Amino acid sequence: MNQFNFFLKLLKESFRDLIPIVVVILFFQLAIIQAVPEGWIGTAIGLAIVGVGLAIFLQGLEIGIFPVGEGLARDFAKHGTMYWVLFFGFLIGFGTTIAEPALAVIADKAASISSGRIDATMLRLVVAGSVGFAIFLGVFRIYKGHPIHYYIIVGYIAVVGVTFFAPQEIIGLAYDLGGVTTSTVTVPLVAALGIGLASSIKGRNPVVDGFGLIAFASLTPMIFVQVYGIAVYNLVEAKDVTAVVVEATVSTTTNITIESIFSGIASVVKDVAPILLIILFFQYAVVKKKIDNIKTVFFGFLLVIIGLYAFILGLEMGLFSLGETMAYQLTKRDSVFVIYAFAFAIGFSTTMAEPALMAIAKKAREISDGKINDFALRIFVASGVAIGIALGAFRIVDGGHIHYYIIVGYIVVIILTFIAPKYIIPIAYDSGGVTTSTVTVPLVAALGIGLATNIDGRSPLIDGFGLIAFASLFPMITVMLYGIITEKLGVKSDTEIEAANILRDTLIDAENMDLATVNIDGSDRRHSLPMDFSAVVIIVPTDKKVDAIQAANKAGAPGVTVLRADGIGLGKIDNYYRSSFEANDSLLLFLLPQSLVNPVIKSIIHSLHITTSGKGIAFAFPLTHMKGISLSRHDIFVNRKDHKNPDIDQEELMKKEEEKVVEKIKEAAVVHDPNLNHK
């Protein structure tokens, strides 16, 4: 029932996210082109299938790909060697990219661009190898804990440097390949790998270190393809080849048959199969551990296949053909501003419906403890794509060189990298790769080629490419601006909000028997709040007393009451009144917040071996009407914090909130207490 309710929620969100596309198409079709599109019923049915398929796909990710990817990453971090993880990262990058359908299409077009100099198969191997190397490098960075922007800045310098030596025919193609290599299935798995590793390696933060692998996978193909282009244009002679048709035309609605359905499902299975085989090999042959809930996991992969096929089928039933037709018709009009407006609107609407972006945004919200709002993040990413495509359309109309635009964009990204908060930088870099996938690429490519075909002096094979590169660049800028804005507005995470609410609600009401009244940090300032306490009683031999106290303190116990303990077995009750003996046991009484009870008892029984060979008794019971105990602010926060997300660096968040609270208390001058100057 929970899974069904979750599916209904995803279904509702999916249709909500398709609304912008529908609005854009209706407006331009009816208000600008002023014609009712042919086959509009098929388009409507296709959009409905897209919504259902998207919901199925996202649910499959949640129960299949994400758990397996993160679990495998954790197992590697705990039990495997770095070299196996690096090899796994390379295979995931190479295996998923070599089977990417969009890459195969563009590789064929590249053969035509180069007059046969570039071999389509070799180009696919170069791109797949570059993505494999990117994931390899990204995993290495997580292990070493290096800041991501050092790698990215060096990569940008390499891209720009190589651009000045690369042939003109290859530059736009190389930039576009950086966007099409991160597919809808690859992105979630790569994200799960990075987040899983960063969550399992000591000293790594899943927000700061977990993201960034997708950014690497978008950057390296630009370098490798340009280097490959330099080599073949200098070493290989041009020859006549069969031209690949690359032009914008009025498309027709896809006809659906039983054969086409089986063919489509087989195509999706072919794309997902390498990922599944790589995971199974490393899970059983390297980690040598069974997959938990394997039936659920395989069902998740099945949902991914069904959902992705339904999603693509829905697009092909009318949306792609309608979008391509509109792009062709708009390029025939006299007003270029209509083209820019359409480019902006279609970029924004298609990005909002991008399944890979939805998956990444949800994961970003989850591991950031709510500080990153997933819907707001998608809005800023979609705005960046819209600006990028509109500017790219202007470049084609104006006839400027693409690398000048890209260089300026990279400079802006580098400047913002040193200004934006650290947690948003890897997510911003990744957002450039997830925006150019299943939905966006076909419509954007149709627009670029249509413009270059119908404008005098433009070549569709040279000027038509490049829009995808713009769509990958500008989201990085807008997402970092989003991080800067949230910091300026003081947006807090869920834990920070809860911590602030705790202090706000801690009223001095010592007479309220339903509340616990405590002193904070040993000061005279009393606070009453709903908080559960328990008494932990430990009875141990006197010679073990110090060991027990040290173990409890290590687990967080702030204090203890030590009592003398006399005890006899019932078998000796007859001589109890006639015997005089000294106590040989100690009773340790701890009054603790509920969050400390289990850690303290576990630490003591492990230290003294109470449950195995050692002597002693440990038990606890709940307390009511707690008054007068002294606790630190940290103890209060930890006792009340949300345990749903253990990956968040709670210590750092609590430290920041404590500092803010101290300043507020000082400013309010409620009480003069010199202890408040100390953390």
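The values are calculated or read from the model by the stated rules, or taken from the named source; none is laboratory data. Note that the structure is a prediction, hence the values are computed from the model and not measured. Note: ideal-geometry Cβ built from the backbone for every residue, glycine included; neighbour counts use all protein chains shown. Heads up: the accessible areas ignore ligands, DNA and RNA and are worked out on the full protein's heavy atoms, side chains in. Shrake-Rupley method; radii C 1.70, N 1.55, O 1.52, S 1.80 Å.
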* List, please: which pairs have Cβ atoms under 6 Å, are six or more places apart or on different chains, and start with a residue in segment 461-489 that is part of a helix (DSSP H, G or I) and surrounded by fewer than 24 Cβ atoms within 10 Å (Cβ to Cβ) and end with one that is among the polar types (S, T, N, Q) and at pLDDT 85 or above? -> T478/S383
* Asked: Just for segment 11-27: of the residues that are among the hydrophobic types (A, V, I, L, M, F, W, C) and buried (at least 19 other Cβ atoms within 10 Å of the Cβ), which one is farthest from the chain's Cα centre (by Cα)?
  -> I25
* May I ask you to say which residue of A552, A516 is of a type outside the set (D, E, K, R), open to solvent by less than 10 Å² (accessible area, probe 1.4 Å) and at pLDDT 70 or above? => A552
* To do: Can you tell me which residue within segment 411-425, out of those that are part of a helix (DSSP H, G or I) and surrounded by fewer than 17 Cβ atoms within 10 Å (Cβ to Cβ), is nearest to the chain's Cα centre (by Cα)?
  => K422
* Asked: When you go through (1) open to solvent by less than 10 Å² (accessible area, probe 1.4 Å); (2) under 21 Å from Y228 (Cβ atoms) one by one for V139, which number turns out not to apply?
  -> (2)
* For Q34, are the conditions met, namely being modelled with pLDDT under 80, of a type in the set (S, T, N, Q), open to solvent by 30 Å² or more (accessible area, probe 1.4 Å) and closer than 30 Å to K332 by Cα? -> yes
* Restricting segment 373-410 to residues that are at negative phi and not in a helix (DSSP H, G or I), the residue that is surrounded by the most Cβ atoms within 10 Å (Cβ to Cβ) -> N373
* If you go through segment 251-272 one residue at a time, do you hit one that is modelled with pLDDT under 80, over 31 Å from the mean Cα position of the chain (by Cα), open to solvent by less than 50 Å² (accessible area, probe 1.4 Å) and farther than 15 Å from G138 by Cα? -> yes
* **Restricting segment 325-372 to residues that are over 28 Å from G314 (Cα atoms) and more than 20 Å from the chain's Cα centre (by Cα), the residue that is surrounded by the most Cβ atoms within 10 Å (Cβ to Cβ)** => V336
